[in-house]
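Following: one structure in structure tokens, then a few remarks.
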Amino acid sequence: MQILTLSFWKKCWPGLVAAPALAIVAADIGDRIAWLGGAGFGILSGVIVASLFKMPAILKPGFSAAGKQVLQLAVILLGAGLN
């Protein structure tokens, strides 16, 4: 699994730090907008920001990994905790 290698972390750390930080901000703002929620605000703001600005190249590997490998690992760990 690529996520366990040092080269993966060296390449992806900026995006892997930025992704949860943005998620925390989206969840906080989403909690203040009760009808939208954190996930809804995160998706909506992500679509708007992605259409207005180009993503910095340094964040692309980490965002890609967070959306694929880290998410898969989280689902596996979540499933391991089920009865």
- prompt: For the stretch 42-83, which residues satisfy the criterion of being exposed (fewer than 11 other Cβ atoms within 10 Å of the Cβ) and assigned to a helix (DSSP H, G or I)?
  reply: Val47, Ile48, Ala50, Ser51, Leu52, Val75, Ile76, Leu77, Leu78, Gly79, Ala80
Subset of the stretch 1-26 that is hydrophobic (A, V, I, L, M, F, W, C) and open to solvent by less than 40 Å² (accessible area, probe 1.4 Å) - its residue that is farthest from Ile76 (Cα to Cα): Ala26
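The values are calculated or read from the model by the stated rules, or taken from the named source; none is laboratory data. Since this is a predicted model, take the numbers as computed values, not measurements. For neighbour counting, all protein chains shown are included, and Cβ atoms are generated from backbone atoms with ideal geometry for every residue, glycine included. Ligands, DNA and RNA are excluded from the accessible area calculation, which covers all protein heavy atoms including side chains. Shrake-Rupley method; radii C 1.70, N 1.55, O 1.52, S 1.80 Å.
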